[in-house]
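My questions will all concern the structure given below.
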Amino acid sequence: MTSPTTTTEPADAAAAPAYDGAPGPRLVCRGLAGGRGSNAVFRDVDLTVGAGEVLALLGPNGAGKSTLLLTLAGLLRAQSGDVAVDGEPLRPGRATAANRAGIVLVPDNRALFTGLTVEENLRVAAPRRGPKPRSMLETFPDLEKRWRVPAGALSGGEQQMLALARALVQRPRVLLVDELSMGLAPLIVESLFAAISRIASGHGCAVVIVEQHVGLALQAADHAAVLNRGRIVLRDQAAELATHPDRLEAAYLGTLPQPDLTPEQA
Ligand SMILES: Nc1ncnc2c1ncn2[C@@H]1O[C@H](COP(=O)(O)OP(=O)(O)OP(=O)(O)O)[C@@H](O)[C@H]1O
Ligand SMILES: [Mg+2]
């Protein structure tokens, strides 16, 4: 059995929160820097994601995307900077505080309990007086026929659905998903992106997805930011970037001219 790196959200209402139209952004980080030990992996990261919005966090291998998500989730301590959810600042490096504030991470290894069934994985994650595990079937109907199957016996796509469902049952305000489509067939990837859109718009979540499949990520996202060598080198509306692959390419290569470095565009 693998040990999940996600943490459970001890929320207590019976249903997932509806989009509440809160005026401020749901997730804000300012001047965030972090890394492993004293090694800086990313710095000066400013991100803003509203309720119901999806941000695609893109960038080449080793840019620091996973480290940034782990830091936002409180699993790594930030070296400097602030993170706030709905205007409430989080205590740095406290996974339980981040989770209590509604930040839930789906890590790139999915971190399921492979010996437990689908139902059991959801039951373990569901907060007291939270949504019933079976209510996750509304968003992930394909899991019904696998309900009593151990997570380790599921296909990769089914495992990713379960990982998302396990995040959703925790009633996230901020959902961080690392490598949504890694190793999965195109059809299942499409349905996972559709689920991400439903989670954002239907549950009022601020969603950050790290994704190597740039085209699909830009279709699903409202905004996109490119991290390169630990710095945000480009950010814009996803639709705008989808029509300017040259800017994206330059951001990946690290050759983007300075005028694109405008944090306020996020
Ligand atoms: N467990 C670790 N211990 C030490 N350094 C690490 C660890 N994990 C990652 N790093 C380093 O941190 C830097 C950023 O890695 P990170 O995994 O955050 O990048 P990434 O953008 O998620 O890359 P990828 O697209 O390959 O997943 C890299 O230089 C990497 O070698
Ligand atoms: Mg990564």
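Only the coordinates and a few stated rules stand behind these numbers; no lab work does. Owing to the predicted nature of the structure, the values given are computational and were not obtained by experimental measurement. Positions of Cβ are backbone-derived with ideal geometry, glycine not excepted, and every protein chain shown enters the neighbour counts.
What is the dipole size for segment 71-193, taken about its Cα centre, with +1 at each Lys and Arg Cβ and -1 at each Asp and Glu Cβ, in debye to the nearest 20?
Roughly 620 debye, rounded to the nearest 20.
With 10 angstrom as the radius, rank Cys29, Cys205 by how many other C-beta atoms surround their C-beta, starting from the fewest.
Cys29, Cys205
Return one number: the angle in degrees, 0 to 90 and rounded to the nearest 10, between the long axis of the Cα atoms of helix 156-168 and the longest principal axis of the Cα atoms of the chain.
In the chain, helix 156-168 runs at an angle near 90 degrees to the longest axis.
In the neighborhood of Phe42, defined by Cβ-to-Cβ distances under 9 Å, what is the net charge if each Lys or Arg adds +1 and each Asp or Glu adds -1?
With Lys, Arg at +1 and Asp, Glu at -1, the net is +3.
Describe numerically, in nm with one decimal, the distance between label points set 7 Å from Cα along Cα→Cβ at Ala239 and at Arg129.
Rounded to a tenth, the inter-label distance reads 4.1 nm.
Gap in Å between the Cα centre of segment 149-187 and the Cα centre of segment 51-74?
If you average the Cα positions of each part, the centres end up 17 Å apart.
Taking only Cα atoms, what is the 0 to 90° angle, nearest 10, from helix 186-203's long axis to the longest principal axis of the chain?
So the helix axis and the longest Cα principal axis differ by about 90 degrees.
Name the residue from Leu68, Val149, Leu187 whose Cα lies farthest towards the positive end of the charge dipole of segment 27-265, charges +1 on Cβ of Lys and Arg and -1 on Cβ of Asp and Glu.
About the Cα centre, the residue reaching furthest to the positive side is Val149.
Which of Asn109, Gly52, Ala224 sits farthest toward the positive end of the charge dipole of segment 27-265, with +1 on the Cβ of Lys and Arg and -1 on the Cβ of Asp and Glu?
Result: Asn109, furthest along the dipole toward the positive end.
Between Ser38 and Glu144, what's the calculated FRET efficiency when r is the beta-carbon distance and R0 is 45 Å? Round to 0.05.
0.40
Then there is this: Just how large is the dipole of the chain about the Cα centre, in debye to the nearest 20, putting +1 at every Lys and Arg Cβ and -1 at every Asp and Glu Cβ?
1000 debye
Figure the gain on full extension for Gln219 and Ser191 (residue separation times 0.36 nm, minus the Cα-Cα span) and round it to one decimal in nm.
Extra length available between Gln219 and Ser191 comes to 8.8 nm.
Out of the DSSP beta bridges found with both residues in the chain, what percent are antiparallel (nearest 5)?
Taking every DSSP beta bridge within the chain, about 55 percent pair in antiparallel fashion.
Modelling each spin label as a point 7 Å along the Cα-to-Cβ direction, I'd like the Leu137/Asn61 distance in nm, to one decimal.
If labels sit at Leu137 and Asn61, their model points lie 4.1 nm apart.
Would you pull out the residues with amide H under 5 Å of Leu105's amide H, same chain only if 5 or more places away, H placed 1.01 Å from N?
Distant-sequence amide H within range of Leu105: Thr7, Leu176.
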